[in-house]
Amino acid sequence: MNMEIDERGNIVLISVVEERLDAHNSTDLKTRLLSLFEDGKNNMVINLEGVRFVDSSGLGALVSGFKNASARNGNLKLAGLQPQVQSMFELTRLHRVFEIFPNSEDAIASFQP
Amino acid sequence: MSERIELDITLPKETRYLGLVGQIGESMARSLKRFTGDREELAYHINLVLTEAMANAIQHASEPSSTEVRITITLVQHKLTIKVYDQGQGFDLSNLAPPDAGSMVEHGRGLFIIRTIMDRVTYRKFKYGHVLEMEKTLH
């Protein structure tokens, strides 16, 4: 999976550069997140503005990341959801779980005390 | 004038082809002559149902020795039927409870999503395995 990783202080911005986040590539995202957690990172922003399709596996990878961040007293926030992707979170009620921001800069700013 | 579309697709049992089958579904949704609803939403939903059903057949319902997944998409008048065939031992659809709303489980949303989008979902045995059959009336 193509993704760009940018460290902003103690926050890691991960931009998914794929049109689809599905059962074919979601394991890559999950694995990359796990390795970041192992490196001691626990505050993440996932930028999904380039993603126009998410399936249940993609949602599962994001839930996995959220649970790991929470377990480490960190957080995983989402940014830039396209309308159809946003509707997937509403369908599964996961929009009540994640903090979702219009863009990654707003999501990063939300971590500041 | 009636509208009848029948697609019969056989693909290798690999997740790299999920995007292809999803694109076929999206293109079909955009081509429909009589559909008057939200075409982009329908395109996403058909893409999603095909992706979830094929991923399910690859990951949970196939014998390791099987190499292909067969999918048929049929539209007759307003009735859309999608069938996904597998050669596996099958699973009990009624035992697959959907995750609670907003639940933090990582798996188990695929069939919940299919059931939410489609009007009728059945899973039954056929000669060489099982078929997941999903129907939806389009308006």
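Data overview
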read-out	value
Filter result for the condition that a residue is without any contact (Cβ under 8 Å) to a residue 12 or more places away in the chain and farther than 20 Å from B:Leu132 by Cβ, over B:Arg39, B:Arg34, B:Arg30	B:Arg39
Unmet requirement for A:Ser110, which otherwise passes all of (1) away from every other protein chain (no Cβ under 14 Å); (2) in contact (Cβ under 8 Å) with a residue 40 or more places away in the chain	(2)
Qualifying residue in segment A:37-55 (condition: out of contact with any helix residue (DSSP H, G or I) (no Cβ under 8 Å at 6 or more places or on another chain), buried (at least 17 other Cβ atoms within 10 Å of the Cβ) and charged (D, E, K, R))	yes
Segment B:2-17, residues that are open to solvent by 90 Å² or more (accessible area, probe 1.4 Å) and in a strand (DSSP E or B)	B:Arg4, B:Glu6, B:Asp8
A:Leu78 part of a strand (DSSP E or B), in contact with a helix residue (DSSP H, G or I) (Cβ under 9 Å, 6 or more places away or on another chain) and touching a residue at least 12 places away in the same chain (Cβ under 8 Å)	yes
Identity of the residue in segment A:81-113, in a helix (DSSP H, G or I), touching a strand residue (DSSP E or B) at 6+ places or on another chain (Cβ under 6 Å) and among the hydrophobic types (A, V, I, L, M, F, W, C), that ends up nearest to B:Leu111 (Cα to Cα)	A:Met88
Cross-chain or 6+ apart pairs with Cβ under 6 Å, segment B:115-139 first and surrounded by fewer than 16 Cβ atoms within 10 Å (Cβ to Cβ), then assigned to a strand (DSSP E or B) and among the acidic types (Asp, Glu)	B:Asp119/B:Glu135; B:Arg120/B:Glu135; B:Thr122/B:Glu133
Test: residue in segment A:37-50 that is part of a helix (DSSP H, G or I), within 12 Å of chain B (Cβ to nearest Cβ) and not β-branched (Val, Ile, Thr)	no
Residue under evaluation A:Gly9, criteria (1) at pLDDT 95 or above; (2) over 18 Å from B:Glu106 (Cβ atoms), criterion not met	(1)
Criterion (under 21 Å from A:Val85 (Cβ atoms) and touching a Gly at 6+ places or on another chain (Cβ under 6 Å)) met by exactly one of B:Leu18, B:Leu42, B:Leu50	B:Leu50
Residue in segment A:3-13 that is open to solvent by less than 10 Å² (accessible area, probe 1.4 Å), touching a residue at least 12 places away in the same chain (Cβ under 8 Å) and within 14 Å of chain B (Cβ to nearest Cβ) present	no
Count - residues of segment A:14-29 that are crowded, with 19+ Cβ neighbours inside 10 Å and either touching a residue at least 24 places away in the same chain (Cβ under 8 Å) or within 19 Å of A:Ala109 (Cα to Cα) (or both)	11
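The values are calculated or read from the model by the stated rules, or taken from the named source; none is laboratory data. Fair warning: this is a prediction, and the values are worked out from it, not measured in the lab. Cβ: placed from backbone, ideal geometry, glycine included. Neighbour counts: every protein chain shown. Keep in mind that these areas ignore ligands, DNA and RNA; they rest on the heavy atoms of the full protein, side chains included. Shrake-Rupley method; radii C 1.70, N 1.55, O 1.52, S 1.80 Å.
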